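The values are calculated or read from the model by the stated rules, or taken from the named source; none is laboratory data. These figures come from a predicted structure and were not determined experimentally. Cβ placement follows ideal geometry from the backbone for every residue including glycine, while neighbour counts extend to all protein chains displayed. In case anyone asks, the SASA skips ligands and DNA or RNA and just uses the protein heavy atoms, side chains included. Shrake-Rupley method; radii C 1.70, N 1.55, O 1.52, S 1.80 Å.
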Amino acid sequence: MLRVAAFLRICSRDLGFYLLRGSGVVALQVGDYSDGSMAISGNVERLLMQKFVVYSVGWWFVIASGWAMAQDSAAILPERITDKLQVEAQKLAPLVQSEIATEFLAATKNLLEPEPRVVYRNGDRTQAISAQEFSKRSESDQVGWTRRDCPPAFYYETGYGSPLVYARVLDLVAPHWDVALPRKVLDFGYGSIGQLQLLAHLGFEAHGVDVEPILGALYSEPSDTGAIGRGSVAIHTGQWPAHAELNSAVGGSYGLITSKNTLKAGYIHPNPPAGQTVDPKRLVHLGVRDEAFLQHVHSSLVPGGVFIIYNICPPQNLADQPYLPHADGKSPFSRAAYEQAGFEVLALDVEDRVWVVDAFLALGYTTGKTREEASQELFCWYTIVRKVAKSPKNE
């Protein structure tokens, strides 16, 4: 049987041969055959005749209804990922207020439609290379690498959904943004390139840093980075700011540093119930002490520069169930820690669940759920700090 998500994708993209078990229609796909006909009693001849009738009528019904339903689906779910993002931008536009967030969403019209891509990962998943780099290796050097096919949607969404939710980050920053600040932004744990390219179209020098090696392999084509629109995009792979070489590449003089769904208290300082432990692979390891991390963020910003943490979370499990690090989305750093590093705290662990629920409803992420139900399954907190002109004594 087809999974619902895969089934809908097939229906919207490939004419769609729909499985209508109640009508006795047989679902047929390339390389797949499922007999969904209704139970028939009687002798063999009657069974065969009924099956023949069902198959014959069902085949033409499937083609006709599948085509019509595919047309309806195409209107709702655009086939091209860039078309889908433009539709999502229209849905989110009423939820943003600032000029910069509005321009960010409107810039989706400038995004390029990517081709399907292939990347390869090594056995322990610590390295990833592009298909072009893989093809240059000898047969013996190709052993142990696993191929991963990445459709166009994966280019912009990876495993994190729409990059357009980043518009909320810009909306929250806008009241604290000085137009004199340099249009240079660093996204810590960027996860996908979509928001970086949109920022570039707004004239930003947009940098993204992430420990996930597959991102560097995925975004290795010349058109992915470099000059884009009125700005530019650069991506960096590794543990920032723990590695000196990476620090040099990332540089400084940023007007804005952002982190969305990465710097969570549960990832940095997990607090499971007594008797439970957390798999280190499910955590974010800064590689330096909290104080050193915040001091590096501070030194990477220009005076007046803004640092924002924005985390969307599911509800935490009950105490007798496994602790979920990603469900604890409050700031991993205290007010005192920010102030000691030289920041002015503008907002600390402010809830933003109402906006997230509105956005997820608009994007169709909560299908089948009421607003009240969605509100019980979505949580969000943000923290905003600003670098004061005077540096701390210990920096």
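Quick look at the values:
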| item | result |
| --- | --- |
| Residue tally, condition of a type in the set (A, V, I, L, M), within 16 Å of Ala200 (Cα to Cα) and touching a Phe, Trp or Tyr at 6+ places or on another chain (Cβ under 7 Å), over the stretch 215-249 | 1 |
| Identity of the residue in the stretch 225-240, touching a Gly at 6+ places or on another chain (Cβ under 8 Å) and not β-branched (Val, Ile, Thr), that ends up surrounded by the fewest Cβ atoms within 10 Å (Cβ to Cβ) | Arg230 |
| Residues of the stretch 258-280 classified as open to solvent by 30 Å² or more (accessible area, probe 1.4 Å) and within 19 Å of the chain's Cα centre (by Cα), total | 3 |
| Subset of the stretch 54-83 [open to solvent by 70 Å² or more (accessible area, probe 1.4 Å), in a helix (DSSP H, G or I) and either of a type outside the set (Phe, Trp, Tyr) or modelled with pLDDT of 95 or more (or both)] | Val57, Met69, Gln71, Asp72, Ala75, Ile76 |
| Residue within the stretch 292-304 that is polar (S, T, N, Q) and touching a strand residue (DSSP E or B) at 6+ places or on another chain (Cβ under 6 Å) present | yes |
| Enumeration of residues in the stretch 185-206 that are more than 14 Å from the chain's Cα centre (by Cα) and either surrounded by fewer than 22 Cβ atoms within 10 Å (Cβ to Cβ) or within 13 Å of Glu103 (Cβ to Cβ) (or both) | Leu198, Leu199, Ala200, His201, Leu202, Gly203, Phe204, Glu205 |
| Every residue from the stretch 367-392 that is in a loop (DSSP other than H, G, I, E, B), in contact (Cβ under 8 Å) with a residue 12 or more places away in the chain and either closer than 30 Å to Leu301 by Cα or not acidic (Asp, Glu) (or both) | Gln376, Leu378, Val388, Ala389, Lys390, Ser391, Pro392 |
| The listed residue being out of contact with any Lys or Arg (no Cβ under 9 Å at 6 or more places or on another chain), of a type in the set (A, V, I, L, M, F, W, C) and either at negative phi or part of a loop (DSSP other than H, G, I, E, B) (or both), out of Val306, Val278, Val284 | Val278 |
| Residue within the stretch 288-306 that is β-branched (Val, Ile, Thr), open to solvent by 40 Å² or more (accessible area, probe 1.4 Å), more than 23 Å from the chain's Cα centre (by Cα) and at pLDDT below 95 present | no |
| Where Asn43 falls short, out of the listed (1) in contact with a Gly (Cβ under 9 Å, 6 or more places away or on another chain); (2) at pLDDT below 85 | (1) |
| Ala336 being open to solvent by 40 Å² or more (accessible area, probe 1.4 Å) and either touching a residue at least 24 places away in the same chain (Cβ under 8 Å) or over 19 Å from Val165 (Cα atoms) (or both) | yes |
| Residues of the stretch 107-124 classified as in a strand (DSSP E or B), hydrophobic (A, V, I, L, M, F, W, C) and surrounded by 18 or more Cβ atoms within 10 Å (Cβ to Cβ), total | 1 |
| Residue under evaluation Ser140, criteria (1) in a loop (DSSP other than H, G, I, E, B); (2) surrounded by fewer than 19 Cβ atoms within 10 Å (Cβ to Cβ); (3) among the polar types (S, T, N, Q), criterion not met | (1) |
| Members of the stretch 331-358 that are assigned to a strand (DSSP E or B) and of a type in the set (Gly, Ala, Ser) | Ala347 |
| Among the residues listed as Glu99, Glu88, the single one being exposed (fewer than 14 other Cβ atoms within 10 Å of the Cβ), modelled with pLDDT of 55 or more and under 18 Å from Leu199 (Cβ atoms) | Glu99 |
| Condition check for Ala200: assigned to a helix (DSSP H, G or I) and without any contact (Cβ under 8 Å) to a residue 60 or more places away in the chain | yes |
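A quick yes/no check of all residues on (1) open to solvent by 20 Å² or more (accessible area, probe 1.4 Å); (2) under 23 Å from Asn271 (Cβ atoms); (3) in contact with a Cys (Cβ under 8 Å, 6 or more places away or on another chain); (4) at pLDDT below 95:
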{"residue": "Gly329", "(1), (2), (3), (4)": "no, yes, yes, no"}
{"residue": "Asp349", "(1), (2), (3), (4)": "yes, yes, no, no"}
{"residue": "Arg353", "(1), (2), (3), (4)": "yes, yes, yes, no"}
{"residue": "Asp358", "(1), (2), (3), (4)": "yes, no, no, no"}
{"residue": "Tyr382", "(1), (2), (3), (4)": "yes, yes, no, no"}
{"residue": "Arg386", "(1), (2), (3), (4)": "yes, no, no, no"}
{"residue": "Ser391", "(1), (2), (3), (4)": "yes, no, no, yes"}
{"residue": "Asn394", "(1), (2), (3), (4)": "yes, no, no, yes"}
